[in-house]
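I have placed the structure first, in the form of structure tokens, so that the comments after it can refer back to it.
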Amino acid sequence: MTPLTLSSSADAPRQAARLVARTVRLDADTLARMPGGISSLAGDNARVWMHPSAQLIAHGVAARLELPRGIEGGVAWVQEVLSSIGAADAVGRPGCGPVALGALPFDRTEPAALIVPAQLVGAAPDGTAWVTTIGEGAAPAPHLERAEAHRRSPDSFTLKSALPHDEWCGRIAHAVADIQRGDLSKVVVARAVDVEANRPIVVEEVLRRLTALYPSCAIFHFDGFLGASPELLLSRRARAVSSHPLAGTYAVSADVDADRRFSEVLRRSAKDQREHRFVVEAVAAALAPECTSLDVPGEPSILSLRNVMHLGTPIHGELKDAAPDALTLAARLHPTPAVCGTPREAAEAWLGAHEGIRRGLYAGLVGWVDARGDGDWFIGIRSATVDGARARMVAGVGVVAGSSPEAELVETQLKLQAMLAAIIRP
């Protein structure tokens, strides 16, 4: 089947109505033939979303949903298109039926696209699993095939910073000076490191390592962009909505007692608390108009990962009856001060003039939305873009008054370890 290409025209729902989706439950015998669960289907060409709340493995393309003006041009039509696809859903869980998934750029105006897969295999936290197939006129039969690695992994690597350390630290000092002058309150500055291997990087193996190292994170792969994001921007299940903004970072050690002390240092850090408060206030202000109730804790908690700990605030709300779908809500939140800065316009202008790299999908949106409007959207951090034997990894730091360039450099090195540990196997 030739994939449909749709954009935000009035004709898109009519074209989408040519498609038919069929969702059926996967029985115990079928699942038993998948050691490790549905992740065994996640080969290099699969689009992958693995998180404790939902697991989705996608193959093929039934429709490509183009956003020529990025999310700034509007995304509400995506859910309308999904709702126009004829669907027979025997399972009825979030992620069943027609689903659009993918990664969207950091820059709200950059052209982008989401994919409605020809086949999507999903699993819920309680073990319920399903497969959705989509075709024109009729849904094809499912085709479940375990991924097999046919390539040798690379065993030699070179690393190079996109900018020398001294130059990058100079940009941080520039940002601090501009903040102290009052031009802005916070700016998130990214740093890129390039990896070149002696053979093409095997995406399937990288995803497997990320899943083992960061089981609580969202593990994703969309057309070469992959990672393990800890930061939930927006999740919607019917009227329940949640977000878990992160800002403020400290290293994790192998000593439990030391980590307990470090977490208290992070909690008491005026610099990190200020950086975190900017993000929480922005997320709460954006969600409040769409909610009948919104719970925003007064103090952040600690989210501890394998190599770093963050200040995090879990936000939960109850949406109004006519509230938008998950993607539309996520697009309204993006970019938060956690990945851009505040005020947003001033931070965006500063980054355009001084950051010195093109972010692309880094710190954009990664996730999925279904025809019901349910979905999960995380921020595309702890990520890399893989192209054959090359990979570019990016990490960002929030710069506020009092930030130290040398300390911010160390923080990027800590954050980059997430992808380095998964990609580099000498």
Helix-derived mean residue ellipticity, 222 nm - over the chain, DSSP H n ≥ 4, -39500 (n - 2.57), to 500: -8500 deg cm²/dmol
Average projected area of the Cα convex hull of the stretch 275-315, in nm²? 3.2
Radius of gyration and maximum dimension Dmax of the stretch 2-66, Cα, Å: 15.4, 45
Lysine pairs in the chain with Cα atoms under 20 Å, if 8 or more residues apart or on separate chains: 4
What does the charge count near residue 132 come to, summing +1 for each Lys or Arg and -1 for each Asp or Glu among other residues with Cβ under 12 Å from its Cβ? +1
Peptide ranges 95-103, 140-148, 413-421 listed from the most packed, as the mean C-beta count within 10 angstrom indicates: 95-103, 413-421, 140-148
For percent of Cα pairs over 28 Å apart, the listed values are (1) 48; (2) 52; (3) 56; which was obtained by calculation from the structure presented? (1)
Nearest-ten-degree value, helix 256-268 long axis tilted from longest Cα axis of the chain: 80
Cβ-based net charge around residue 3, under 15 Å, with every Lys or Arg adding one and every Asp or Glu removing one: 0
In nm, spacing of pseudo-spin labels at residue 30 and residue 293 (7 Å Cα→C-beta vector): 3.9
Expressed in whole Å with the largest first, what are the equivalent ellipsoid semi-axes of the stretch 288-367 derived from the C-alpha gyration tensor as the square root of 5 times each eigenvalue? 26, 20, 13
Let's test this: bin the Cα-Cα distances of the stretch 181-232 at 5 Å from zero up to the farthest pair and state each bin's percent. 4, 14, 19, 20, 17, 9, 7, 5, 4, 1
Based on Cα coordinates alone, diagonalise the gyration tensor for the stretch 218-301, multiply each eigenvalue by 5, take square roots, and list the semi-axes in whole Å, largest first. 26, 21, 11
If I fit a long axis through the Cα atoms of helix 165-180 and take the longest principal axis of the Cα atoms of the chain, what angle between them do I get, 0 to 90°, rounded to 10? 80
How many angstrom lie between the C-alpha centres of the stretch 245-265 and the stretch 336-406? 23
Provide the convex hull volume over Cα atoms per residue for the stretch 168-284, in Å³. 196
At 1.567 mPa s and 4 °C, Stokes D of the stretch 41-112 from Kirkwood alpha-carbon radius, µm² per second: 92
Would you please name the trypsin sites (Lys or Arg not before Pro) within the stretch 212-259 that are DSSP coil residues with at most 15 other C-beta atoms within 10 Å of their C-beta? 239
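A short reminder: the numbers here are calculations on the coordinates, not readings from a lab. This is a predicted model, so every value here is computed, not measured. Every residue, glycine as well, gets a Cβ built from its backbone with ideal geometry; the counts of neighbours run over all protein chains shown.
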